[in-house]
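See structure below.
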Amino acid sequence: MIRSARQLVTLRGPQGPRRGLAMGELAIISDGALLLRDGLIQEVGPTRRVENLAAARGAIEIDATGKVVMPGFVDCHTHLMFPQPQSGEGVFDIDIDRAAYRLETVTAQRLAGRGRVWLQAMARHGTTTLEAKTGCGPNESAELKVLRVLNVLNKGALDIVPTFLFRLGTRTEDGQRADAAAAEMVFHDLMFKIRRRRLSHFADLQWDTDMARRPLLIRFLDAALSLGFACKIHADQHSCGGAVSLAVEYGATSIDHLEYATLEQARILAGTPTIATLLPCASFRHGHHAPARTLIEAGVPVALGTNFNPCHTPSLNMQTAISLASLQLEMSPAEAITAATINAAHALKIAGRVGSLECDKLADVLILATPDHRDLGYQLGTNLVHTTIKRGEILCALRN
């Protein structure tokens, strides 16, 4: 039993993703308690009620006096397996083709070992579930290796949702013909193998503004739906109107980045179930921030991810994403917390299991060394996580 939390941030509410004003409603219980059993949440409520339950007798107690207790973070957008820069390289020296080559030549054991280091650091900062994308371009060997490694890592402490990210490589002299040949291999061979081996639930499309490539992008989405993948769209280009149209047409689970989205595009998304996943750690580097207020006020459900990439966005801390969302995207701390938990879970289609503190959900719980949840919005660079609990087991905790 976790008892006497100053603020028990439950995020109990409607079954669907939170929109508009609902994003600021955290369903906080003062002096709250949780009862965890066999990796699940058994009871949620005021401490006085929970501690008097018959089921609480003999429970191991964790005193959360003066602290915030909340759901574990769901990081719904990472590039966990992307290679790091080598000595003497700049962070932007590694393009997709070079990254794919390095992933193809490194051993799976070394790749997994590096991934475990990142995952341990994520757990220390409060992430209990994450998505990890591939994105090696039309390189079957590298793609399958990354997905196999993610499957191995998914047997560890954190839950990983692997996503196959399709992006065409750098345009060659042969141009359109080479694009078509590479795409055909993906459509007719690679995607079938991934689906048959159940290596990924999602198929993510890297949006490309090159009109010559648009038919291939549409064919990818058609192939994804026909094979039973859920679709996502990477919309980080300066012109994302076409990506928004495709997201709506194909019922994408989420459309990510959206640094250049307009009010008109926000209104289009607002009438759909598609979630806008914003990545303030990525936009922090290039200085162009997604219009979070425009999206939220239009009624679009917003989620947050780190965009963790060991090369280009080396931030794996969801607290940083929440702080930047508050400081630069003009989101309230409550909205940012919603976006980093329950809405992020909806962006991965797992909100029935994680993202809020409700009975029968996974016991993925954080205890924060602060008395007020709003501190997450403003404590940039400070790790406020005191204890991370995954499926009822303590993964890491600060010494008192």
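Quick notes on this one:
- Exclusive hit being at pLDDT 95 or above, under 27 Å from the mean Cα position of the chain (by Cα) and surrounded by fewer than 20 Cβ atoms within 10 Å (Cβ to Cβ), set L158, L199: L199
- Filter result (surrounded by fewer than 21 Cβ atoms within 10 Å (Cβ to Cβ) and in a helix (DSSP H, G or I)) within region 284-300: F284, R285, H286, R293, T294, E297
- For region 205-219, a tally of residues being more than 15 Å from L165 (Cβ to Cβ) and either under 26 Å from the mean Cα position of the chain (by Cα) or of a type in the set (K, R) (or both) returns 5.
- Test: residue in region 375-389 that is closer than 16 Å to T10 by Cα, modelled with pLDDT of 95 or more and of a type in the set (D, E, K, R): no
- Output for region 89-109, where each listed residue is part of a loop (DSSP other than H, G, I, E, B) and either in contact with a strand residue (DSSP E or B) (Cβ under 8 Å, 6 or more places away or on another chain) or modelled with pLDDT of 90 or more (or both): T107
Quick grid of which residues meet (1) small (G, A, S); (2) touching a residue at least 40 places away in the same chain (Cβ under 8 Å):
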{"site": "R49", "(1), (2)": "no, no"}
{"site": "A55", "(1), (2)": "yes, no"}
{"site": "G58", "(1), (2)": "yes, no"}
{"site": "M70", "(1), (2)": "no, yes"}
{"site": "F73", "(1), (2)": "no, yes"}
{"site": "C76", "(1), (2)": "no, yes"}
{"site": "M81", "(1), (2)": "no, yes"}
{"site": "Q84", "(1), (2)": "no, yes"}
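- Count of residues meeting criterion [within 21 Å of P371 (Cα to Cα), part of a strand (DSSP E or B) and in contact with a Gly (Cβ under 8 Å, 6 or more places away or on another chain)] in region 56-79: 3
- In region 216-259, the residue that is surrounded by the fewest Cβ atoms within 10 Å (Cβ to Cβ) out of those that are in contact with a strand residue (DSSP E or B) (Cβ under 6 Å, 6 or more places away or on another chain) and among the β-branched types (V, I, T) is T253.
- Beta carbons closer than 9 Å, at least 6 apart along the sequence or on distinct chains, never pair a first residue in region 222-251 that is under 13 Å from T163 (Cα atoms) and not assigned by TED's automatic domain parsing to the domain that holds T274 with a second that is in a helix (DSSP H, G or I) and at pLDDT below 95.
- Within the option set I367, I322, I394, I337, being buried (at least 22 other Cβ atoms within 10 Å of the Cβ), β-branched (V, I, T) and either assigned to a strand (DSSP E or B) or not assigned by TED's automatic domain parsing to the domain that holds R102 (or both) holds for one residue only, I367.
The values are calculated or read from the model by the stated rules, or taken from the named source; none is laboratory data. Here the structure is a predicted model, which means the values were calculated and not measured. Cβ coordinates were reconstructed from backbone atoms using ideal geometry, including for glycine residues, and neighbour counts include every protein chain displayed.
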